[in-house]
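Worksheet: one structure, shown below.
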Amino acid sequence: MKPLRHSLVDGVHEILTSRLFSGDIAPGSSLNIDALARESEVSQTPIREALARLAATGLVVRVAHMGYRAAELVSDEQMSEILDARLAVEPTLARLAASRTTASFLDELDRSVRSLEAHIAGELSQSSNQVLEQSEDSTI
């Protein structure tokens, strides 16, 4: 799958991120730069740069003298610790953010929510129309 938009590195990063989240690249698996470059039809340089970005996010891990590996899944215990940390911090941050809210910010937020709802409704309507068109085209 060759990247088509953004900068080449951005496109490679997007493709690798998608493959990691979809499970196409399994957790813990080795990431061969040569193979990824061939699959993506790009040189090794944008692959290396995209992997370095992904390492900074924790989605891949750089192992000295071995290259990159897809990060392992978070254990139940680790997830519990993460959720506990969020529970300790987020309510206070939400309270602080709410205390600093302005009327103009709330108006802009309301416009953004309405725009997003309209966009979603349009996509749902389009999907419904496609399903109806496909059902009319097929014989049941």
Quick check: anything in the stretch 59-75 open to solvent by less than 70 Å² (accessible area, probe 1.4 Å), more than 19 Å from residue 9 (Cα to Cα) and touching a helix residue (DSSP H, G or I) at 6+ places or on another chain (Cβ under 9 Å)?
-> yes
Looking across the stretch 32-48 at residues that are in contact (Cβ under 8 Å) with a residue 12 or more places away in the chain and open to solvent by less than 20 Å² (accessible area, probe 1.4 Å), the single one that is nearest to residue 59 (Cα to Cα) is 47
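The values are calculated or read from the model by the stated rules, or taken from the named source; none is laboratory data. Source: prediction; values computed, not measured. Quick reminder, even Gly has a Cβ in these numbers, built from the backbone with ideal geometry, and neighbours come from all protein chains shown. The protein model used for the area step is the full one, side chains on, heavy atoms only, and it has no ligands, DNA or RNA in it. Shrake-Rupley method; radii C 1.70, N 1.55, O 1.52, S 1.80 Å.
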